[in-house]
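> Sending over a structure as structure tokens; questions will come in a sec.
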Amino acid sequence: MKKVKRLFLGLFMLVGLMVSSQDSLDKSLAATYLKANGSLNQYDYAYDQLLLMLGKQYPETEKNAEGWRYLKENKAEAIADMKSFLVPIYKSNFTDEDFAQMINFYETDTGKQLMQDRTKMSDSQKKELNSYYNTAVGQKIIEKQQSLSAEIATASENWSRDLYETAVSLLKSE
């Protein structure tokens, strides 16, 4: 139980630091872009899937009930942690002007349809998407796609690994 309390204290301190830096991240255009294009939705889904998997491995008991409660109540903080990894990656690749243009695109019907289901885009939406990718910012997205994907993959792997290790340590019966 002491181990769990120390882990909670460490996580509490880490979350406190992340929350203080989160205020500036939430106000950045990069953070707005991540919300507009649905990037954070995949981490929301991954978190839910992790809890489902762990529920089979570590069913809730009296011994791990506190760990389960923590995991269920702290999903938003875990997603905010991932956002804190992603924002600097995007900021190092795009300018505020780029973000403004990208956000504007994702606020269009075409951008919304692209997020929902690309296969159901109309011909006019496909043309609008092609036109967007032919703009300077669209070309920049295409140009940076490979390196951006590699950076995001590394951040995602680190986030997933840390989240899994934390969750298992909270749920293992002593």
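Derivation of every value follows stated rules applied to the coordinates shown; laboratory data play no part. In this text, all values refer to a predicted model and were calculated from it rather than measured experimentally. Quick reminder, even Gly has a Cβ in these numbers, built from the backbone with ideal geometry, and neighbours come from all protein chains shown.
> Could you check the spin-label model distance between GLU107 and SER39? Points 7 Å from the Cα along Cα→Cβ, value in nm.
Computed distance between label sites GLU107 and SER39 equals 1.8 nm.
> Could you work out how much longer the chain between ARG161 and LYS126 gets when fully extended? Use 0.36 nm per residue separation minus the Cα distance between them, nm to one decimal.
Here the segment from ARG161 to LYS126 would lengthen by 8.9 nm.
> With an 8 Å Cα cut-off and a minimum separation of 6 or more residues, compute the relative contact order for region 2-171 in percent.
It comes to 34 percent, rounded to a whole number.
> Continuing with this model, one more query. Between GLU143 and MET53, take the C-beta separation as r, use R0 = 30 Å, and let me know the FRET efficiency to the nearest 0.05.
0.20
> Here is a further query. Looking at this model, which pairs from LYS35/LYS56; LYS72/LYS172; LYS56/LYS172; LYS27/LYS112 are more than 20 angstrom apart at the alpha-carbon?
Checking Cα-Cα distances, LYS35/LYS56; LYS27/LYS112 exceed 20 Å.
> Applying the Karplus parametrisation 6.51 cos²θ - 1.76 cosθ + 1.60 with θ = phi - 60° to the phi angles of region 111-120, what ³J(HN,Hα) value in whole Hz is obtained for each residue in order, glycine and proline being reported as x?
x, 5, 5, 4, 5, 6, 6, 4, 5, 9
> Using the 10 angstrom Cβ neighbour count as an exposure proxy, how do MET121, MET115 rank, fewest first?
Least to most surrounded, the residues fall as MET115, MET121.
> Output ³J(HN,Hα) for region 50-66: one whole-Hz value per residue in order, computed from phi by the Karplus curve 6.51 cos²θ - 1.76 cosθ + 1.60 with θ = phi - 60°, and x for Gly and Pro.
4, 5, 4, 5, 5, x, 6, 6, 10, x, 5, 10, 4, 5, 10, 4, 5
> I would also like to ask the following. Whole-Hz Karplus ³J(HN,Hα) for region 40-49, in order, using 6.51 cos²θ - 1.76 cosθ + 1.60 and θ = phi - 60°, x for Gly and Pro?
6, 4, 5, 7, 4, 5, 4, 4, 4, 5
> Would you mind ranking PHE85, PHE99 by Cβ crowding within 10 Å, fewest neighbours first?
So the residues, fewest neighbours to most, are PHE85, PHE99.
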